[in-house]
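Notes follow the structure.
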Amino acid sequence: MSLDEMSHELQLTKANRLQLARAFRHNPRVDYSIDCVIEGQMGRAYTDDLSSPTAYRITIGPFWYFAGDADSPGGRALLSEWPPYNLLMPSPPEWAAAAKAMFGERLVTFPRYSFAAGDLSEAHLAALFDNSPHRERVVALDGPLVARLAGSEHGYLDIEDFLAT
């Protein structure tokens with residue numbers, strides 16, 4: 001089976017977006033990635049079968065989210081396309097189990113932490129900066145640097161808007 005036969009990109013029509021929202025409703029939300037794909041803002045959605053889907057995948061860069069039936073042939077096919085050095089983001093437990101079964105020791109797990117701006121201490125951040133061996137390499141963002149970053153896949157399109165915030 002070729003890669004083209006394993007997964008099909010799901011066009012983000014209104015009906016397909018509703019279908020994705022239902023499929024991913026039980027996925028833990030650690031960020032806004034799933035919602036951004038469902039809203040058509042960024043990333044891509046795939047399914048194992050366009051007419052009768054059993055499994056779904058959302059990708060945003062190296063971040064991969066899965067939903068649906070992990071044990072179905074389509075679920076295994078979607079998971080088999082997961083390339084090395086990409087991240088399996090929080091998905092229903094059966095997907096983690098399927099990934100462990102498929103990839104064995106090649107699957108490296110690590111904890112993911114959530115941070116909130118309200119928990120940040122300016123004094124703590126200043127101490128981290130002062131003690132960093134990279135302190136001399138840290139520079140303020142300015143127009144030319146943001147313009148250089150804007151050309152990257154994850155860059156900002158409106159440089160002036162970014163600098164104003």
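Give me Met89, Met6, Met102 ranked fewest to most by other Cβ atoms within 10 Å of their Cβ, as a rough exposure proxy.
Fewest-to-most ranking of Met89, Met6, Met102: Met102, Met6, Met89.
Given a Förster radius of 35 Å and the C-beta distance between Leu87 and Leu128 as r, what FRET efficiency does 1/(1 + (r/R0)^6) yield to the nearest 0.05?
For Leu87 and Leu128, the calculated efficiency is 0.90.
Which order do the peptides 7-16, 134-143, 60-69 come out in when sorted by mean C-beta neighbours inside 10 angstrom, highest first?
Top to bottom by mean Cβ count within 10 Å: 60-69, 7-16, 134-143.
Under a 10 Å cutoff between Cα atoms, tell me which one of Tyr113, Tyr32, Tyr46 has the largest fluctuation in the Gaussian network model of the chain.
Tyr113
Magnitude of the Cβ-charge dipole of the chain, K/R +1 and D/E -1, about the Cα centre, nearest 20 debye?
320 debye
For Leu120 paired with Phe103, estimate the spin-label separation in nm (one decimal), with each label point 7 Å from Cα along the Cα-to-Cβ line.
3.0 nm
Mind checking the full-extension length gain between Met42 and Ser80? Use 0.36 nm per residue of separation minus the Cα-Cα distance, one decimal, nm.
11.4 nm
Values in this text are rule-based calculations from the coordinates and carry no lab data. Here the structure is a predicted model, which is why all the values come from computation and not from measurement. FYI the Cβ positions are ideal-geometry reconstructions off the backbone, even for glycines, and counts take in every protein chain you see.
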